[in-house]
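J.: If you scroll down you'll find the structure; I have some questions about it.
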Amino acid sequence: MSVATPQAAGQRQVALQAQRVLILDFGSQYAQLIARRVREAKVYCEIVRHDITPEQIRKHAPVGLILSGGPSSVYEASAPKCHPQIFELGIPVLGICYGMQLVCETLGGKVASVATREYGRTPCQVTSPADPLFKDFPRETEVWMSHGDQVQEVGGGFLPLARTGSCPVAAVKHEKLPVYGLQFHPEVTHTAAGATLLRNFLFEICHCDGTWELTDFAEEAIRQIRERVGHGRVICGLSGGVDSAVVAALVYRAIGDQLSCILVDNGLLRKNESALVVDEFTNHFRTDLHVVNAEGRFLDVLRGVTEPQEKRRRIGHTFIECFREEATKIQDVRFLAQGTLYPDVIESGAAVDGPAATIKLHHNVGGLPEQLGFELIEPLRDLFKDEVRRLGLELGLPESLVWRHPFPGPGLAVRCLGEVTKAKLDILREADTIVLEEIHRAGLYRQTSQLFAVLLPIQSVGVMGDARTYENVVTIRSVNTDDFMTADWSRLPYEVLARMSTRIINEVKGVNRVCYDISTKPPATIEWE
Ligand code: XMP
């Protein structure tokens, strides 16, 4: 990827800003999907708070605004609202579901709850097919509805454009303002021609040129980081995972040796994991890398602890201590770069509450920035995992790092059930290495979402040669999932499972039995603890 010089990036900024769409998030589970669809149409977009001011919007200079759905009812006192003046900026607006109800209510319509909630695929009839929003859109088609409220009266200024059996106003347009609304969700694939609608909004109404690429994202992010950081120093925690690696690579491209990275080797990493990260971030990206060898310290605090949440708590706490100690050795740090992705923002419920609540709660660095008093840099917070991976490749990170399965912050501790000891971790590391080697050998690594070994806290009877054994049990867990919120167990070929089992029992001293976990999430989780 060619990375822009500051001047070139500055010139691009104008072009990029002219082609930006803002998505105002009202707490929708689909806001990230809307963003994704917009980016798939090669238009850059950002998700922002719903209460963004008209002045802030002007600064972004967007070509369009999309108001997301949300779980509230617009007529409730506590319902999230947008600033009413945003409709007077002359920027085209598309309200989706709650967004449409808000648009109509703000501009004179009436929203009320309906007796029968409309949920799922619903036949929809377009009544104004000549409108540019419905260009090449079928007059009769199925759309995805999910609402308990609807617009009852559009008010003087709106024209209905479509209807369903129980929803007389399934789409609207304002007579004078460039303001549209859809009661259904064009962003989900269940709305058969939903992508056409979004494209029509972007290209027919906002007049986007559709030339944005992920490389533009990198250039823009690099420009913003440079501008924000100035001559300041940034630290970034490396975990061996994709997100932190991509953030570090991006920040390094932006500010080079003003970046210091910290890798806390907690002794809970996979075999050779820290070596791979050290190699990448010292030989390829020549960052100022600080490796904290803290295996003993982590094992000490984990001694005798068996309760899973207590393990996580102690690991998180010790991580913060180690990170803080190392950070204080680095002079004049002002910023902390963190690989928060959009799904993390959603998981922590922060899109509506605002940036203060956006720390990865599920991760062991939770609470770190507040405790250290750093300003946060989160350049990936609008991206999905697959986009982050593509970005990583464009930044020159190796495939072996970019395509890694997720690995939990507390590491092998949550896969070593019961008390965590060095001896048990070593057994687990060997078994884990074997399952990974075998899945790679079978060419199935990329077809599985997460695969690992778990060491159970029980022994079982076996026989080796003529002798009775009483040794450890290892479970193999492999799941397939898109979002890690739900997951199915991978239907691995028997031969692959057989090779994993044979090798573990033959090569890992102390294991005489191997099981395969065939539980879905829910009700099971992906990890065992
Ligand atoms: P579960 O086990 O909740 O896992 O189904 C979902 C995904 O999250 C990862 N995971 C964690 N990641 N810190 C993390 O950084 C944690 O404490 C943690 N627990 C689970 C898990 O590996 C899976 O990808």
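The values are calculated or read from the model by the stated rules, or taken from the named source; none is laboratory data. Just so you know, these numbers come straight off a predicted model, no measurement behind them. Note that each Cβ is placed from the backbone with ideal geometry, even for glycine, and that neighbours are counted across all protein chains shown. Keep in mind that these areas ignore ligands, DNA and RNA; they rest on the heavy atoms of the full protein, side chains included. Shrake-Rupley method; radii C 1.70, N 1.55, O 1.52, S 1.80 Å.
J.: Which ones in region 420-440 are within 21 Å of ASP517 (Cα to Cα) and of a type in the set (D, E, K, R)?
T.: Answer for region 420-440, where residues must be within 21 Å of ASP517 (Cα to Cα) and of a type in the set (D, E, K, R): LYS424, ARG429, GLU430, ASP432, GLU437, GLU438.
J.: Taking ALA249 as the residue in question, decide whether it is open to solvent by less than 40 Å² (accessible area, probe 1.4 Å) and part of a helix (DSSP H, G or I).
T.: In short, yes.
J.: Out of VAL473, VAL511, I need the residue that is away from the ligand (no atom under 15 Å from the Cβ) and touching a Leu at 6+ places or on another chain (Cβ under 6 Å). Which one?
T.: VAL473
J.: Every residue in region 397-439 that is small (Gly, Ala, Ser), over 28 Å from the mean Cα position of the chain (by Cα) and farther than 19 Å from LEU302 by Cα, please. Reasoning before the result, please.
T.: So in region 397-439, the residues small (Gly, Ala, Ser) come out as 400, 409, 411, 413, 418, 423, 431.
Now restrict to residues that are over 28 Å from the mean Cα position of the chain (by Cα): 418, 423, 431.
Residue satisfying the conditions is ALA431 alone.
One line per residue, one yes/no per condition, for (1) among the β-branched types (Val, Ile, Thr); (2) surrounded by fewer than 20 Cβ atoms within 10 Å (Cβ to Cβ):
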{"residue": "ALA192", "(1), (2)": "no, yes"}
{"residue": "ALA195", "(1), (2)": "no, yes"}
{"residue": "THR215", "(1), (2)": "yes, yes"}
{"residue": "GLN224", "(1), (2)": "no, yes"}
{"residue": "VAL229", "(1), (2)": "yes, no"}
{"residue": "LEU238", "(1), (2)": "no, no"}
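J.: Being among the polar types (S, T, N, Q) and in a helix (DSSP H, G or I) is the filter here, so list the residues in region 181-208 that pass it.
T.: Residues satisfying the conditions are THR196, ASN200.
J.: Considering only residues of region 402-426 that are in a helix (DSSP H, G or I) and open to solvent by less than 30 Å² (accessible area, probe 1.4 Å), which is nearest to the ligand (Cβ to nearest atom)?
T.: VAL414
J.: Residues in region 384-401 that are within 15 Å of the ligand (Cβ to nearest atom) and assigned to a helix (DSSP H, G or I): how many? If you could, list the steps in order and put the result at the bottom.
T.: Filtering region 384-401 down to residues within 15 Å of the ligand (Cβ to nearest atom) leaves 384-386, 388-389.
Filter once more, keeping what is assigned to a helix (DSSP H, G or I): 385-386, 388-389.
So the count comes out to 4.
J.: Would it be correct to say that ASP482 is open to solvent by 30 Å² or more (accessible area, probe 1.4 Å), within 16 Å of the ligand (Cβ to nearest atom) and not aliphatic (A, V, I, L, M)?
T.: When the stated conditions are applied, ASP482 passes them.
J.: Take the conditions assigned by TED's automatic domain parsing to the domain that holds GLU419, open to solvent by less than 80 Å² (accessible area, probe 1.4 Å) and of a type in the set (A, V, I, L, M) and apply them to ALA524. Does it pass?
T.: Working: assigned by TED's automatic domain parsing to the domain that holds GLU419: no; open to solvent by less than 80 Å² (accessible area, probe 1.4 Å): yes; of a type in the set (A, V, I, L, M): yes.
Judged against the criteria, ALA524 is not a match.
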